[in-house]
Amino acid sequence: MENKKISPWAWIPSLYFAQGLPYVAVMTISVILYKRLEVSNAEIALYTSWLYLPWVIKPLWSPFVDLLKTKRWWILIMQLLVGAGLGGIAFTIPMDFFFQASLAVFWLVAFSSATHDIAADGFYMIALDSHQQSLFVGIRSTFYRISTIAGQGLLIMVAGLLEKSTGNIPLAWSISFMILAVLFIAFFIYHWYVLPKPAADKPAKEVTPSTLLKEFLATFVSFFKKKGAAVAILFMLFYRLPEAQLVKLANPFLLDPVDKGGLGLATEEIGLVYGTLGIIGLTLGGIIGGIAASLGGLKKWLWPMALAITLPNLAFVYLSYFQPESIWLISSCVFVEQFGYGFGFTAYMLYLIYFSEGEHKTAHYAICTAFMALGMMIPGMASGWLQEKLGYTNFFIWVMICCSITLMVTAFIKIDPSYGRKQQKETNINKQ
């Protein structure tokens, strides 16, 4: 197919739908899978938090995606690897040593997904002109969100229905992951034919690995020499400290039986409550947060957003204390917490863009996102162990105590009052 005959509508929705699914599989579906296979909360939180690592160290190998092959080639190969990895997980689930085996394959999927992110975002910028980039930025964000609902919502509900119909939990989850694997093979075949071949998408012949490394180190050093770098890094690491712990235990809490302090929801109910209604709340919060920030600027909305990302965590304190049976009451609490997170996360993403301004903006933003992932990884690793020691109610109270650290780091950062409207448009590019 000739490039001029390939509409962006033919590949942008499918490309960003494909970008979102493996991230959801690695970060969220894995937690629910292991909980249903009776892995302890401490092990789930520790080992699935390690899966953030590819996104933490992504800036270290992203320059080589530019140096070697084309971005189109990287996209296709990574989709093939993700499909193979998801199929591998499906085969490991019935094994006696499923936990170790599936974790190893999840690592392959995580690294492939992180590399796919680099290539897809780079391809978007070279395959479209500036007008098209602005036109389709909302489309790519929307289809990324749809993939999140499909993964955390629809697929989890399918797994839950298969659990009931087959009476075999490992088989149900094997089938679910095989569905994902087949879907990614279909993505690979589809994108092989429809992805355009822009002239700018070619290996960088004039750059050698040694010069690339030298330039990368210079860029890396310049990041830490920026004014206020220490405070900025603390903000990147600790602004989401409460959520980093809560997110690893939210689904186990909803799944655990009442006598263990949980709410005893079925797997398909998790898909509805957290994977569908929760994601809708998260998305609406992000949209309203973006509108608010575009009207008043980051400085004006920083504190309201910091409060929004912390105070709604009280919903889980309430749920753990009263353990209500009403699915709609539980859904409302999850919706409120996720809406607050979506609204408050807007300030975080705006600050990352704000701090990245200047020379080496793209590279510095990549480093910021690495700190963002690190801030989720490290607290999440200990959260399961902490919950097992404290119980759910006391654990969620601890999460509320950690909100004070979020407010503390917020108090120290400095924002130029003039920073506001035009930068907000860029946040739509980034996934939450």
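The values are calculated or read from the model by the stated rules, or taken from the named source; none is laboratory data. Source: prediction; values computed, not measured. Heads up, the Cβs are rebuilt from the backbone with ideal geometry, glycines too, and the neighbour counts pull from every protein chain shown. For the accessible areas, the whole protein counts, side chains as well, though only heavy atoms, and no ligand, DNA or RNA atoms are used. Shrake-Rupley method; radii C 1.70, N 1.55, O 1.52, S 1.80 Å.
Brief remarks on what is shown
- Matching residues, region 310-337, being assigned to a helix (DSSP H, G or I), touching a residue at least 12 places away in the same chain (Cβ under 8 Å) and open to solvent by 10 Å² or more (accessible area, probe 1.4 Å): LEU311, PRO312, LEU314, ALA315, VAL317, TYR318, TYR321, ILE327, CYS333, PHE335, VAL336
- Check on ILE397, at negative phi, of a type in the set (Val, Ile, Thr), surrounded by fewer than 20 Cβ atoms within 10 Å (Cβ to Cβ) and in contact with a Leu (Cβ under 9 Å, 6 or more places away or on another chain): yes
Residue-by-condition table, conditions (1) of a type in the set (Val, Ile, Thr); (2) buried (at least 16 other Cβ atoms within 10 Å of the Cβ):
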| site | (1), (2) |
| --- | --- |
| VAL82 | yes, yes |
| GLY88 | no, yes |
| TYR144 | no, yes |
| ALA159 | no, yes |
| THR166 | yes, no |
| ALA172 | no, yes |
| PHE184 | no, yes |
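- Index of the failed condition, THR48 passing every other in (1) open to solvent by less than 20 Å² (accessible area, probe 1.4 Å); (2) of a type in the set (S, T, N, Q); (3) touching an Asp or Glu at 6+ places or on another chain (Cβ under 8 Å): (3)
- Restricting attention to region 400-414, the residues that are in a helix (DSSP H, G or I) and open to solvent by 70 Å² or more (accessible area, probe 1.4 Å) total 3.
- Within region 89-118, tally of residues that are part of a helix (DSSP H, G or I) and farther than 13 Å from PRO22 by Cβ: 11
- From PRO13, PRO54, PRO59, PRO22, residue being closer than 22 Å to ASP129 by Cβ and either surrounded by 21 or more Cβ atoms within 10 Å (Cβ to Cβ) or out of contact with any strand residue (DSSP E or B) (no Cβ under 9 Å at 6 or more places or on another chain) (or both): PRO13
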